[in-house]
1. How many angstrom lie between the C-alpha centres of segment 264-280 and segment 338-403?
2. Calculated FRET efficiency, Val110 and Arg47, Cβ-Cβ r, R0 25 Å, to nearest 0.05?
3. Starting from the amide H of Asn93, placed 1.01 Å from N in the peptide plane, find each other amide H under 5 Å away whose residue is 5 or more places distant or on another chain.
4. Considering only DSSP beta bridges with both partners in the chain, what is the antiparallel share in %, to the nearest 5?
5. Could the peptides 370-379, 79-88 be put in order, highest first, of the mean number of other beta-carbon atoms found within 10 Å of their residues?
6. For Ser123 and Glu163, calculate 0.36 nm times their separation in residues minus their Cα-Cα distance, and state this gained length in nm to one decimal.
7. Taking 0.36 nm per intervening residue step and subtracting the Cα-Cα distance, what contour gain separates Ser64 from Asn353 on full extension?
8. Among the listed pairs Lys53/Lys263; Lys202/Lys263; Lys98/Lys213, give every one whose C-alpha distance is greater than 24 Å.
Amino acid sequence: MLLRHSRFVILSSFLIRASSFLVVFLSIFPAASRAGDNLGILGANPRWNVLEKYQGTITHDEFSRLVQDVYCTHEFAPELIQINENTARVLMNRESQKFFTLRFAENADVRKPVPRLWRPARSLPPATAEKPLFGLRIALDPGHLGGKWAKMEERWFQVGASEPVQEGDLTLRVARLLAPRLRELGAKVSFIRNGEEPTTTKRPDDFRELARKILIKNGVPHPREDMLDPNDPAKEQTIRWQSEILFYRYSEIRRRAALVNFKLHPDLVLCLHFNAEGWGDPNNPELTDANHLHLLVNGSYLAEELEFDDERFEMIRRLLSRAYDEELPLADTIATAMARDSGLPAYQYPTTNSTTKVGVSGYVYARNLLATRLYRCPVVYCEPYVMNSKDVFARIQGGDYEGMRNVNGVERKSIFHEYADSVVDGLIDYYSKARGL
């Protein structure tokens, strides 16, 4: 996780999320934006009118609780969201000073039904104890990219002559073990990614001009085309590095979101990841004793994130859909099963600057990630196992296998089976209870 954090810090230092980037973005893609729009990276214009269908679907107290305890746990400009007795007023655009007004339900008894394409557990068709997931639509999202793309994402390392560790390949292997198990239990399973290749049709070269303008706008008047090597201390100032991030982080995740929202329409997305501590030179990585587990749900937006019109809109839409009411107890249940099966302790974020601990298991955090925000259904984002821990590295090198083997002096399932089995156990636990089986 530290690698992912370090990438974000570097991006922030170049103001890739700041308004100066957006001025450049608007000039390159004028058809996608209107003057005055304040959008996140490769973001689309908010369609505030779609929120009209949520009028009267939430009470004042429910809305206030979700804002204060889940989505806006950090400070934000008070004019962005104003909660009154009967309405909430949300800023749509600072320049034009336009607002969206949400009318609250007077009480829970007169609340209108929440409109949504996904179905909570209580709305699924009847199931049996043998098929507790019957009728549930699950989309599997193996995190990152595999194969030749892994080095670009910096989710790759190699120890000596051992097999390289590539997160995108590991997560896909887990997803392919999960799918048949979930189908046997009655679920309808789809893959958001089922191969090494990206889902987006864009490639880094498509973003070179945008990357150049970002760098120039943010104080690098003559950006280099390429980095010297992976350890180049000034690589973030190169066009190649910036264009690659725009490709694999933003274009790729937004394309996955389009598949989820407009084609697959799942009731749940499982985002599958492996974690990592900083490993230094990927060709001579540091192995660590640290190993831990945590899961993420959407929330804990930062003040600067809420300044973007599209992120603020996406947060409000997600809040009103009540995805959190389904995904938090689900994440807690899966986390409990994963902790039981793996024996991993809970990860503790070094600061609370970007996360908020939620739930009762001690393993779940709210955080505003692009996937958890854009996928319009409950999302459970799994982050078990530190890839460059001594124990996990040995288990990854041991590959996949049936049954038990002695690894580091302990009889263990393969790490891939253990991961998949624990997620299945959590899903069975949650849906069996929620459906009264």
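1. 8
2. Values: r = 27 Å, r/R0 = 1.08.
With R0 = 25 Å, the Cβ-Cβ based efficiency is 0.40.
3. Lys98
4. Values: 21 of 42 bridges.
Taking every DSSP beta bridge within the chain, about 50 percent pair in antiparallel fashion.
5. So the peptides 370-379, 79-88, ranked by packing, come out 370-379, 79-88.
6. Numbers: separation 40, 0.36 × 40 = 14.40 nm, distance 4.56 nm.
Once the chain is fully extended between Ser123 and Glu163, it gains 9.8 nm.
7. Details: separation 289, 0.36 × 289 = 104.04 nm, distance 2.14 nm.
Length gained between Ser64 and Asn353: 101.9 nm.
8. Values: Lys53/Lys263 21 Å; Lys202/Lys263 19 Å; Lys98/Lys213 30 Å.
Beyond 24 Å between Cα atoms: Lys98/Lys213.
The values are calculated or read from the model by the stated rules, or taken from the named source; none is laboratory data. Model, not experiment: these values are computed from the prediction. Because the Cβ atoms are built from the backbone with ideal geometry, glycine has one as well, and the counts that use them run over all protein chains shown. Side chains are part of the model used for accessible areas, which takes the heavy atoms of the whole protein and leaves out ligands, DNA and RNA. Shrake-Rupley method; radii C 1.70, N 1.55, O 1.52, S 1.80 Å.
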